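Some notes on the structure that comes next.
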Amino acid sequence: MSREIDEVLQRAADGGRISPEEALALYEQAPFHALGEAADVVRRRRYPDGIVTYLIDRNINYTNVCVTACKFCAFYRAPKHKEGWSHDMAEILRRCAEAVDLGATQVMLQGGHHPDFGVEYYEELFGTVKAEYPGLVIHSIGPSEIGHMAKVSGVSIEDAITRIKTAGLDSIAGAGAEMLPERPRRALAPLKESGERWLEIMEVAHRHGLESTATMMMGTGETNAERIEHLRMIRDVQDRTGGFRAFIPWTYQPENNHLKGRTQATTLEYLRLIAVARLFFDEVAHLQSSWLTTGKPAGQLSLHMGVDDLGSIMLEENVISSAGAKHRSRLTELVELIRTAGRIPAQRNTLYEHLSVHWTPADDPTDDRVRSHVSSIALPILERDRPVEDQLAKN
């Protein structure tokens, strides 16, 4: 390891800020174990109790009709397509009821950019869900949907945000970030807003008290420098607003979409990016890995690369699963992954507050009903008495 790389790693591990150029050097040159160790030093300083959190939620898709036609998406259908659909409010509430029964504290209501869905639709959607389930946090949509609904209704971004927050939206998802730099974003989603516009909408939301997460999709041919530029763009907004609670990178899934390619992001690349993100995002509190796209073993290994949150038992997930993400988990499995990594599992809420800390194995949850993809249009329903891996192999 060169003296320059060692100096940057030490400074970052000590809590100092590193530049995008230094982050790229670490991503490309730092020895894997030294990089992971430095990131884990940051995690331990932030969370000395050794707790790693998880969430129980449900992703409820209200429509798959979309005018944006992103090349990596296997979920959407164009307007008037025979396979297009939109759920009515009764069906959405039914799915919320199932989620609450299984212990979910959050729902993520997401769908395509439907040509007819303006701000009024989302006011009714969020208001109805919040009235029926006031304790259920609505962590939903993203800047792309906000921009689209404002355009449909002919109102400003600020007006749209104010109205949907008043209706019941509690928090904004990092959806639609994919890759923020111009070249890869234009290649992936030429009809979607620019990365700069995505961040501008986030910034307006943060100023109006709607915090959010930030995401990144790796593996569609972007360069290492573009990956780091994505991080830089997010950090610049975070410096101004402080509104991003967490950063969540995930890997492109190659099935049933127009890109039709294998992911270019290997597990090693993903883990290196995770570690660099922990060192680079000195003002972002939480780092979440994506076991849904990388698999549970990689998810567990990420806990040694600076990660403090293993994400969600998603009772339903259709978008990424439609593109080939076949990893599933039971709550008991996810807790075991955390515990056998030498960490203390804890269920959290959207604000990352601990709802239940499982200090010893005797505290671990035992409800075997709580598992990912309890309901999914993208994947077959699991049989309760057969191992998940066996069923995936058959399917």
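The values are calculated or read from the model by the stated rules, or taken from the named source; none is laboratory data. None of these values were measured; they are calculated from a predicted model. FYI the Cβ positions are ideal-geometry reconstructions off the backbone, even for glycines, and counts take in every protein chain you see.
Observations, loosely collected:
- Cβ-Cβ under 9 Å pairs, at least 6 apart or on other chains, region 32-47 side under 11 Å from ARG272 (Cα atoms) and touching a residue at least 24 places away in the same chain (Cβ under 8 Å), far side of a type in the set (Asp, Glu) and part of a helix (DSSP H, G or I): ALA34/ASP6
- A count restricted to region 3-16 and to residues that are basic (Lys, Arg) and surrounded by fewer than 13 Cβ atoms within 10 Å (Cβ to Cβ) stands at 1.
- The one condition in (1) in a strand (DSSP E or B); (2) more than 25 Å from LEU35 (Cα to Cα); (3) modelled with pLDDT of 95 or more that ARG240 fails to fulfil: (1)
- Test set (1) assigned to a helix (DSSP H, G or I); (2) farther than 21 Å from ALA246 by Cβ; (3) modelled with pLDDT of 95 or more - MET202 fails condition number: (2)
- From the options ARG348, ARG328, ARG339, ARG371, residue that is of a type in the set (D, E, K, R), within 24 Å of VAL284 (Cα to Cα), modelled with pLDDT of 50 or more and surrounded by 13 or more Cβ atoms within 10 Å (Cβ to Cβ): ARG348
- Any chance ALA214 is within 18 Å of the chain's Cα centre (by Cα), crowded, with 21+ Cβ neighbours inside 10 Å, not in a helix (DSSP H, G or I) and not hydroxyl-bearing (Ser, Thr, Tyr): yes
- Residue among ALA74, ALA69, ALA104, ALA90 that alone is within 21 Å of ALA175 (Cα to Cα), of a type in the set (Gly, Ala, Ser) and modelled with pLDDT of 90 or more: ALA104
- When residues of region 105-148 are limited to those that are in contact with a strand residue (DSSP E or B) (Cβ under 9 Å, 6 or more places away or on another chain) and of a type in the set (Asp, Glu), the one nearest to SER86 (Cα to Cα): ASP116
- Filter pass, GLU283 being charged (D, E, K, R), in contact with a helix residue (DSSP H, G or I) (Cβ under 8 Å, 6 or more places away or on another chain) and modelled with pLDDT under 95: no
- Residue list for region 109-131, filter: modelled with pLDDT under 95 and closer than 15 Å to GLU91 by Cα: LEU109, GLN110, GLY111
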